[in-house]
Structures are given as C-alpha cells and as structure tokens.
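The values are calculated or read from the model by the stated rules, or taken from the named source; none is laboratory data. These numbers were taken from a predicted model, which means no experiment stands behind them. Using ideal geometry, Cβ is built from the backbone for each residue, glycine included, and neighbour counts are taken over all protein chains shown. These area figures cover heavy atoms from the full protein model, side chains too; ligands, DNA and RNA do not enter into them. Shrake-Rupley method; radii C 1.70, N 1.55, O 1.52, S 1.80 Å.
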Amino acid sequence: AWYVPCLASLETLQELCRKENLRCKSIGITNRNLKSYEVEYLCDYKVEEGTEYYLVKWKGWPESSNTWEPQKNLKCPLILQNFLSDKNEYLSRVREGKALKVRNHVKALQPAVADYIVKKAKQRIALQRWKEELNRKKNHKAMILVENTVDLEGPPLDFYYINEYKPAPGINVINGITTGCECADCPAEKCCPKEAGFILAYNKKRKLKIQPGLPIYECNSFCRCGPDCPNRIVQKGTPYTLCIFRTNNGRGWGVKTLQKIKTNSFVMEYVGEVITSEEAERRGQLYDNQGNTYLFDLDYDSDEFTVDAARYGNVSHFVNHSCDPNLQVFNVFIDNLDLRLPRIALFSTRTIKAGEELTFDYQMKGSIDLTSDSADGLSPSRKRIRTVCKCGAVCCRGYLN
C-alpha cells in the first residue's frame with residue numbers, strides 16, 4: 001500500500017473534526033473532548049456596561065466559533081499577557097509614527113490594532129511549532145530556539161531541516177571506508193590524522209590548535225576508540241544552545257548563541273544539498289535575482305562539487321555574513337576521505353559572548369590570508385551580481401561578493 005503524509009497540522013485536523021462533529025481517536029478527538037474549549041489566542045477587546053470582554057479564538061475550533069468572553073472567565077494569564085504586550089507594542093509604534101490618534105481609555109480596539117494582535121498571535125503559534133519541529137529533527141543535544149521581535153515574518157515556507165549532506169543523484173558522500181585507527185587511547189602514533197599525513201587538530205581541552213587552511217581528520221565509525229575520544233568533535237554536532245532570530249537591519253534571519261563560546265571551539269556544521277558545479281551555476285543564475293548566498297564551493301581539492309543550503313540545511317542556513325566574522329571555516333574528513341567532498345565545520349575565532357550573533361565570511365575558503373579581491377570561496381554564479389553588505393563591521397568591504 002502507498003501512504004502519503006498529511007501536510008495539515010494536528011490543530012487543523014482537530015478543527016475540521018469539530019466543525020463536522022467527527023470523532024477521531026488517533027488525533028485526540030473523542031466523545032469526552034469533542035465539545036471542550038481551550039483558549040488559543042485573543043483577537044479583540046471591548047468594554048460594555050463597565051465589563052471587559054475579550055474575543056476568544058478557541059483551540060481546535062474554526063474562527064466562526066469565536067466568542068466574546070468576560071475577563072473573569074479567562075484562566076489564561078500568559079495569553080492575556082501576550083495580548084496586552086502586542087497591543088502596547090503596536091500602539092507605541094503608532095505613537096512614534098504619529099499615524100493614528102491613540103486614546104488611553106478605550107471601550108473598543110480600532111480594527112488595525114486588533115488585526116495586528118491576531119497576526120502576532122498566529123505568528124507566535126507558527127514560530128513555536130517551527131521550534132518544536134527543528135528540535136525534533138536535530139540530532140544533537142543542544143536546543144534550538146526561535147525569536148522574532150522585529151516584524152510579522154513567520155517560519156520560512158520552503159526550508160527543510162537536515163543534519164547531514166543531502167547528495168544529489170549520482171553523488172556519493174560516503175566512500176565506503178572500512179578501516180579505522182586501532183588506538184586504545186587517541187591520539188597515538190597511527191591515529192587517523194597521522195595516517196593522513198597531518199597532525200591532530202585538537203588540543204587536550206578539545207579546542208582547535210591548527211591553522212586555517214589545514215584539514216581536520218576525525219576518527220570514524222570503524223575506529224576502535226569510543227564516543228569519548230578527543231578526536232570526535234564535529235561528528236557530535238553543536239554543543240551550544242542557539243537561537244534563530246529576526247534581525248532589525250534588513251538582513252532577514254540570523255543566529256545568535258545563548259551560551260558563551262570560547263576561542264577555537266566547534267560551533268556548527270554547514271550542510272545542504274551536494275550538487276555538481278554545473279548545477280550550482282544553473283541555480284546560481286536563479287539565486288542572483290533573489291540576492292541569496294547559500295552556495296558554498298567544496299574546493300579543498302577541486303571545484304567539482306558545491307553545497308546548496310537554500311532549501312535543505314541546518315541552523316547554519318540562517319548564519320549571516322560579516323567582513324569581521326567570529327566563525328572560521330575548516331574542512332573535515334570523517335567517514336568520507338574523498339578530498340572532493342569535505343564536510344564544512346565552523347569554529348570560533350575568538351571568545352563569543354552569550355547573546356552575540358554568529359557570523360562567517362561568505363568569501364572565506366579556509367585560508368588565513370584571503371583578500372577582498374579574491375572571491376574563490378564563492379560559486380561562479382555569485383560573481384556576476386554584486387550584493388551590498390549590511391554587516392556593519394568597521395572593515396566592511398561594501399559587498400558580499
């Protein structure tokens with residue numbers, strides 16, 4: 001039998017069941033709760049005969065079932081707090097713009113205010129669902145949070161979270177490695193980095209000790225060492241709680257850390273679709289018109305492949321560019337030793353404070369002496385149209401490419 005996943009949310013299905021008076025145990029609609037009511041959000045406010053009323057959107061019920069309820073009937077302090085906060089936020093913006101005459105004591109909200117409150121409530125619910133989805137899909141322990149205090153933008157509609165490379169047909173990102181080190185206590189003389197002709201990338205504190213441009217060889221799935229091996233860092237995923245947030249200067253979404261990050265620490269991996277350079281050129285022509293910069297050339301050994309994180313990616317999809325970044329790119333080899341297909345890891349270049357935005361240089365290719373005249377780290381498709389840089393750094397080059 002063929003099964004097609006339902007694209008409707010659980011809340012939408014519950015709403016349809018209640019609207020049609022249907023029971024469905026698998027989605028939680030039974031005889032007991034078919035007629036139950038829970039406040040989802042508040043839509044409007046008015047005062048009649050000295051009593052305050054709120055227009056309630058009931059969870060799992062269509063908007064046609066909204067009802068006016070006196071405040072004394074509402075047992076949802078957080079939702080009430082969000083309603084008042086959203087109202088005050090809108091009114092404060094209006095006062096700054098002087099576009100609307102605001103009265104301190106109102107008996108009913110103006111339609112524009114109520115409309116904003118509903119949009120903000122729907123956005124809050126959508127972002128909460130997105131946060132839950134991201135944390136279900138991630139394969140590391142650290143949490144991912146989502147925040148937008150800037151505008152009404154909701155989750156991206158055409159983005160799918162993945163934890164590792166998604167190869168295009170015909171591309172093999174696992175080269176069938178069948179051997180690993182025999183170390184009982186890494187690193188030893190014949191540990192993975194030394195077998196590849198390089199030194200161990202990490203010191204005793206598991207911080208990076210090699211210079212940019214040098215590759216990282218970690219122990220793989222066939223190595224004798226266990227999960228606590230000091231040469232297993234990138235493969236464990238990000239150890240920091242990160243927040244995808246909406247920037248206030250027109251750069252879209254960004255990423256900030258909610259924990260202090262020490263110098264030379266692994267922060268995250270850059271993943272996406274692995275495509276050929278020819279396909280990257282074709283897609284780049286489309287991305288140019290949108291101002292996207294998600295193509296990352298895997299040019300450690302050759303220019304044969306590119307990572308495209310436009311539709312498929314992880315948190316790194318939302319990391320913005322800076323001409324003075326706090327993250328540095330390194331090429332990593334673990335279960336795939338094909339020099340054409342390194343994994344891309346981002347390490348801190350300095351101590352990063354909690355709450356600080358994470359950035360990397362979109363022109364960075366792992367070389368410490370990259371100049372502003374070089375754009376080798378960018379795919380050829382992104383060398384045609386110059387995109388204005390908004391990083392705000394003192395040393396800003398003026399353009400992303």
Of Asn172, Leu109, Cys17, which is farthest on the positive side of the dipole of the chain, counting Cα position, with +1 on Lys and Arg Cβ, -1 on Asp and Glu Cβ, and the Cα centre as origin? Leu109
To the nearest 20 debye, what is the magnitude of the charge dipole of the range 243-354 about its Cα centre, counting +1 on the Cβ of each Lys and Arg and -1 on the Cβ of each Asp and Glu? 1040
Kirkwood-based Rg/Rh on the Cα set of the chain evaluates to 1.05
Each residue of the range 316-331 in order: what ³J(HN,Hα) in whole Hz does its phi give by Karplus 6.51 cos²θ - 1.76 cosθ + 1.60, θ = phi - 60°, with x for Gly and Pro? 4, 3, 9, 6, 8, 7, 8, 6, 10, x, 10, 10, 10, 8, 9, 8
Amide H contacts of Lys260 (H built 1.01 Å from N, under 5 Å, at least 5 apart or other chain): Ala354
Net charge around Cys181, counting only other residues with Cβ within less than 15 Å of its Cβ (Lys, Arg = +1; Asp, Glu = -1)? -3
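Tally the DSSP beta bridges in the chain and give the antiparallel ones as a percent, rounded to 5.
Among the beta bridges of the chain, antiparallel pairing accounts for roughly 75 percent.
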Which of Asn66, Gly284, Gly313, positive extreme of dipole for the chain (C-beta unit charges): Asn66
Classify the range 300-339: rounded, prolate or oblate, from the alpha-carbon gyration tensor (a ≥ b ≥ c, eigenvalue square roots; a/c under 1.5 rounded; otherwise prolate if a/b is larger than b/c)? prolate
Excluding ligands, DNA and RNA, what is the solvent-accessible area per residue of the chain at a probe of 1.4 Å, expressed in Å²? 55
For Cys43, what residues show an amide H to amide H distance below 5 Å, using hydrogens built from the backbone and excluding near sequence neighbours? Leu55, Val56, Lys57
If the chain between Ala126 and Asp301 were fully stretched, how many nm would it gain, using 0.36 nm times the residue separation less the Cα-Cα distance? 58.8 nm
A chain fully extended from Asn175 to Leu337 at 0.36 nm per residue, minus the present Cα-Cα distance, gains in nm 57.6 nm
What is the diffusion coefficient of the range 113-208 in µm²/s, taking the Kirkwood radius over Cα pairs and the Stokes-Einstein relation at 37 °C with a viscosity of 0.692 mPa s? 178
Within the range 228-322, trypsin sites (Lys or Arg not before Pro) in DSSP loop having at most 12 other beta-carbon neighbours inside 10 Å: Lys262
Net dipole in debye of the range 38-128 [+1 Lys, Arg Cβ; -1 Asp, Glu Cβ; about Cα centre; nearest 20]: 360
Go through the range 15-27 residue by residue and turn each phi into a ³J(HN,Hα) via Karplus (6.51, -1.76, 1.60, θ = phi - 60°); whole Hz please, and just put x for glycine and proline. 4, 5, 4, 5, 5, 9, 6, 10, 9, 8, 5, 5, 10
Remind me, relative contact order of the chain in percent, using alpha carbon pairs under 8 angstrom and six or more residues apart? 13
Between helix 77-97 and the chain, what is the angle of the helix's C-alpha long axis to the longest principal axis, kept within 0 to 90° and rounded to the nearest 10? 90
First select every other residue whose beta carbon is under 9 angstrom from the beta carbon of Leu34; then total the charges, Lys and Arg +1, Asp and Glu -1. +4
Of the accessible area of the chain, computed with a 1.4 Å probe and all protein chains kept, carbon and sulfur make up a percent value of 50
So Leu16 and Arg93, fully extended at 0.36 nm per residue minus their Cα-Cα distance, gain in nm 24.0 nm
According to a simple spin-label model (label point 7 Å from Cα along Cα-to-Cβ), what is the distance in nm between Leu152 and Ala108? 2.1
Can you give the Rg/Rh ratio of the range 38-128, where Rg is from the C-alpha atoms and Rh is the Kirkwood radius? 0.96
Which value, in debye to the nearest 20, gives the size of the charge dipole of the chain about its Cα centre, when Lys and Arg are +1 and Asp and Glu are -1 at the Cβ? 1560
